[in-house]
1. Could you pull out the residue among 171, 183 that is in the same structural domain as residue 230 (by TED's automatic domain parsing) and closer than 25 Å to residue 285 by Cα?
2. Looking at region 93-121 only, could you name the residues that are within 10 Å of the ligand (Cβ to nearest atom) and within 26 Å of residue 144 (Cα to Cα)?
3. Do we have residue 272 as surrounded by fewer than 21 Cβ atoms within 10 Å (Cβ to Cβ), touching a residue at least 12 places away in the same chain (Cβ under 8 Å) and within 17 Å of residue 249 (Cβ to Cβ) here?
4. Can you pull out every residue in region 126-173 that is in a helix (DSSP H, G or I) and either closer than 24 Å to residue 291 by Cα or charged (D, E, K, R) (or both)?
5. Go through the residues of region 107-115 one by one and say whether even a single one is in contact with a strand residue (DSSP E or B) (Cβ under 8 Å, 6 or more places away or on another chain), hydrophobic (A, V, I, L, M, F, W, C) and not assigned by TED's automatic domain parsing to the domain that holds residue 294.
6. Of 90, 127, 25, which residue is within 26 Å of residue 330 (Cα to Cα), at pLDDT below 95 and either surrounded by 22 or more Cβ atoms within 10 Å (Cβ to Cβ) or within 9 Å of the ligand (Cβ to nearest atom) (or both)?
7. Limited to region 1-22, what total is found for residues that are buried (at least 17 other Cβ atoms within 10 Å of the Cβ) and of a type outside the set (A, V, I, L, M, F, W, C)?
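The values are calculated or read from the model by the stated rules, or taken from the named source; none is laboratory data. Computed from a predicted structure; not experimentally measured. Please note: Cβ atoms are built from the backbone with ideal geometry, for glycine as well, and neighbour counts cover all protein chains shown.
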Amino acid sequence: MDNTKINLKPINGKLGILTPGMGAVATTFIAGTIAIKKNIGKPIGSYSQMGTIRLGKRTEGRNPLVKDFLPLADLNDIVFGGWDLYEDNVYEAAVNAGVLDRNLLDQLKTELEEIKPMKAVFDKQYVKKLDGTYIKEAANKMELAEAVMEDIRQFKEKHNCERIVMVWCGSTEIYIRESEVHSSIEKLEQGMRDNHKDIPPSMIYAYAAIKMGIPYANGAPNLSCDIKALEELAKTTNTPIAGKDFKTGQTLMKTILAPGLKARSLGIRGWFSTNILGNRDGEVLDDPDNFKSKEVSKLGVLEQILEPEKHPDLYKDLYHKVRINYYPPHGDNKEGWDNIDIFGWLNYPMQIKIDFLCRDSILAAPIVLDLAIFLDLASRAEMAGIQEWLSFYWKSPQIGEGLYPQHDIFKQFEKLKNTLRHIGGEELITHLGLDYYE
Ligand SMILES: NC(=O)c1ccc[n+]([C@@H]2O[C@H](COP(=O)([O-])OP(=O)(O)OC[C@H]3O[C@@H](n4cnc5c(N)ncnc54)[C@H](O)[C@@H]3O)[C@@H](O)[C@H]2O)c1
């Protein structure tokens with residue numbers, strides 16, 4: 001990364017954050033951000049709002065808040081919108097999601113009721129468990145994309161926004177492999193006109209956003225923008241993109257713990273992860289085709305961090321299994337169990353058990369905020385294409401051809417901070433030179 005100062009476009013107006021999908025994650029994000037603006041709560045879990053960044057040598061004592069170091073979008077200048085196949089406004093959807101207390105939601109009722117979804121691009125073939133009716137109709141997938149673009153233009157005008165970002169918060173679609181139709185923009189566009197079956201709704205929204213130069217983040221494990229054609233389009237339209245699948249509960253724990261065990265050269269024989277959750281996401285993932293997308297996204301993590309090919313004595317025989325079970329009584333309060341069989345000195349076995357009683361959407365909401373704010377920053381810095389420096393937020397980071405994803409959360413965090421330093425025209429910090437001790 002060269003250290004020439006980046007010319008950041010200044011902020012001259014509001015940022016619209018649009019989410020396809022206005023369920024548990026999106027409504028927790030929107031209601032939470034409004035509560036924070038009203039000083040009812042704090043943006044805990046959001047690095048862009050609460051994190052600091054060291055600049056220069058340690059002796060210089062410069063550790064500003066990230067939001068004081070860089071000109072990020074201010075929470076007071078954010079407007080929310082989105083799409084769903086259920087017509088509920090954000091207040092009703094948040095009450096249904098059952099994540100935030102009714103008492104808190106009632107304090108925000110007026111603002112939340114004003115945010116109503118636009119009609120969704122939806123096809124039951126990709127999410128079999130949902131049955132909404134608030135859906136766009138058109139002759140083909142290209143016309144649907146044009147309708148989404150028209151929605152965006154109208155939203156922008158109505159709310160007087162200077163900039164827009166889109167963050168996919170919709171359900172996990174069935175597993176689709178990248179294929180010929182995804183290989184170039186011409187083929188994708190033709191496929192959309194021909195209603196090709198390998199172009200799911202999440203790809204149509206992504207196409208619409210990227211075509212308009214609107215930064216796009218992919219919060220689910222769907223292919224969505226993770227195809228050659230859309231990477232190409234993002235370069236042409238100068239659009240930052242990032243994905244996929246928010247890194248929240250169990251995978252967050254995995255990418256915190258595994259680098260530590262590896263750093264101490266401790267062996268791992270098995271890692272069994274199971275989840276029980278009872279929200280709508282859990283119901284969608286109860287279908288094997290939808291679970292397959294999630295499983296693929298969750299499984300890659302350990303392999304990359306542990307590098308068994310380099311450390312056969314420690315990780316060659318690692319057995320890694322991930323399950324998700326729909327269990328309605330838990331609602332959004334997911335329980336993530338991990339049983340980790342490790343071994344140490346002279347192969348003596350030990351076990352670690354984690355029982356993470358987490359709240360999925362409480363962990364995901366600050367990620368949505370950070371991604372929207374950092375993608376807007378990237379766009380203003382004219383950083384086009386895949387934003388690998390945002391891998392920190394993803395279970396399955398999208399990467400350029402020929403590269404491998406980085407899953408180690410500590411390496412991801414260093415890369416994130418160094419990119420912010422670079423954008424702000426500061427020296428990168430590698431912790432390798434003597435300056436670390438200065
Ligand atoms: N909560 C987490 O910790 C977490 C972590 C990683 C990924 N995710 C992913 O984020 C997504 C959202 O999770 P959630 O808990 O909010 O789920 P949810 O079921 O509460 O909300 C998803 C919403 O998307 C809507 N939707 C589905 N397809 C749509 C389409 N084509 N257009 C518009 N709306 C559509 C659904 O009607 C629903 O309201 C899921 O894909 C989930 O797998 C969540």
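1. 171
2. 93, 117, 118, 119, 120, 121
3. So residue 272 fits the description; yes.
4. Of all residues in region 126-173, those in a helix (DSSP H, G or I) come to 141-158.
Within region 126-173, 141, 143, 146, 150, 151, 153, 156, 157, 158 qualify.
5. yes
6. On the way: 90 fails: at pLDDT below 95; 25 fails: at pLDDT below 95.
Going through 90, 127, 25 in turn, just one is within 26 Å of residue 330 (Cα to Cα), at pLDDT below 95 and either surrounded by 22 or more Cβ atoms within 10 Å (Cβ to Cβ) or within 9 Å of the ligand (Cβ to nearest atom) (or both): 127.
7. Of the residues in that region, 5 qualify.
Here's the yes/no breakdown for (1) out of contact with any strand residue (DSSP E or B) (no Cβ under 8 Å at 6 or more places or on another chain); (2) within 16 Å of the ligand (Cβ to nearest atom); (3) farther than 30 Å from residue 101 by Cβ:
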{"residue": "260", "(1), (2), (3)": "yes, no, yes"}
{"residue": "267", "(1), (2), (3)": "no, no, yes"}
{"residue": "295", "(1), (2), (3)": "no, yes, yes"}
{"residue": "316", "(1), (2), (3)": "yes, no, yes"}
{"residue": "322", "(1), (2), (3)": "no, yes, yes"}
{"residue": "325", "(1), (2), (3)": "no, yes, no"}
